[in-house]
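Q: Got a structure for you, written out below as structure tokens; questions coming shortly.
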Amino acid sequence: MVETLSIAVIGAPGVGKTSIIRQFIYNDFSETYTPTQTRYVYRPSVILNGVMYDLKILDVPPISSFPSSPSQEWLDARCRGVRSANAYILVYDICCVESFEYVKMIRQQIVDNRVGSSSEVPILVVGSKRDLQRHRFTQRRAVSVLVKKTWKCGYVECSAKYNWHVLLLFKELLGIAVARGLRPNHTSIRLQGALQRNRCNVM
């Protein structure tokens, strides 16, 4: 039986959400910025410790707020599937404090509007554009401590441009999901290469 994991990727405009997803799945990066206008769904498959998982990755356009009810989720096409996602990747630009404030707002709204506590919903905060770290708005440690200690979320920084830690962030999220009940007896994750289009990859 194939397990399915729905992952919503959310962030402010221009933070690099789509670049991270495409680097993970297609090993591809474009220097041209194309704003995400509509929700797009990617469906790669992975094998984790001998168990196959179908991933449903939602590339979510910038939304003003997390849907507070099922009806709001389905009235706005951009939000469909967001509220019911199994896990969240919240992306911010390490050079843009406003994008981090957006992630802070969305994370709090997820906690407030999802059933159960934040500890039950896998959330990974991702600092993108690590290749521009000389221009970051604050030290990595300050953000990491806030996210891990106070928010109780995972934290990874990456560079989609150089494919640095892109695989790691998905490995980290799957690890959180496994630890929180997706598959309690599968806790060791081994990652072998990037996902390729129309391929199932071993993790």
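The values are calculated or read from the model by the stated rules, or taken from the named source; none is laboratory data. Fair warning: this is a prediction, and the values are worked out from it, not measured in the lab. Every residue, glycine among them, receives a Cβ derived from its backbone with ideal geometry; neighbour counts consider all protein chains shown. With ligands, DNA and RNA removed, areas are computed over all heavy atoms of the protein, side chains included. Shrake-Rupley method; radii C 1.70, N 1.55, O 1.52, S 1.80 Å.
Q: Looking only at residues in segment 20-71 that are in a helix (DSSP H, G or I) and not hydrophobic (A, V, I, L, M, F, W, C), which one is least open to solvent (accessible area, probe 1.4 Å)?
A: Residue satisfying both the conditions and the ranking: Gln23.
Q: So which of Arg130, Arg141, Arg114, Arg136 ends up being touching a residue at least 40 places away in the same chain (Cβ under 8 Å) and of a type in the set (Lys, Arg)?
A: Result: Arg136 is the single residue among Arg130, Arg141, Arg114, Arg136 that is touching a residue at least 40 places away in the same chain (Cβ under 8 Å) and of a type in the set (Lys, Arg).
Q: For segment 177-199, give me each residue that is open to solvent by 20 Å² or more (accessible area, probe 1.4 Å) and modelled with pLDDT of 60 or more.
A: Passing the criteria: Ala179, Arg180, Gly181, Leu182.
Q: If Ser99 passes every condition in (1) touching a strand residue (DSSP E or B) at 6+ places or on another chain (Cβ under 6 Å); (2) hydroxyl-bearing (Ser, Thr, Tyr); (3) farther than 27 Å from Gln37 by Cβ but one, which one does it miss?
A: Condition (3) is where Ser99 drops out.
Q: Also, quick follow-up: Mind listing whichever residues of segment 81-99 are not in a strand (DSSP E or B) and not aliphatic (A, V, I, L, M)?
A: Scanning segment 81-99 gives Gly81, Arg83, Ser84, Asn86, Cys95, Cys96, Glu98, Ser99.
Q: In the set Ser99, Ser128, Ser84, Ser159, which member is surrounded by fewer than 18 Cβ atoms within 10 Å (Cβ to Cβ) and either closer than 26 Å to Thr4 by Cα or not aromatic (Phe, Trp, Tyr) (or both)?
A: Every option except Ser84 fails the conditions.
Q: While we're looking at this one, here's another question. For segment 1-19, what are the residues that are under 11 Å from the mean Cα position of the chain (by Cα) and in a strand (DSSP E or B)?
A: Within segment 1-19, Ser6, Ile7, Ala8, Val9, Ile10, Gly11 meet the criteria.
Q: Conditions: (1) closer than 17 Å to Ala177 by Cα; (2) modelled with pLDDT of 90 or more; (3) crowded, with 21+ Cβ neighbours inside 10 Å. Ile10 meets all but one. Number of the miss?
A: Ile10 satisfies every listed condition except (1).
Q: Could you run through segment 145-156 and say how many residues are hydrophobic (A, V, I, L, M, F, W, C) and either in a helix (DSSP H, G or I) or open to solvent by 60 Å² or more (accessible area, probe 1.4 Å) (or both)?
A: Of the residues in that region, 3 qualify.
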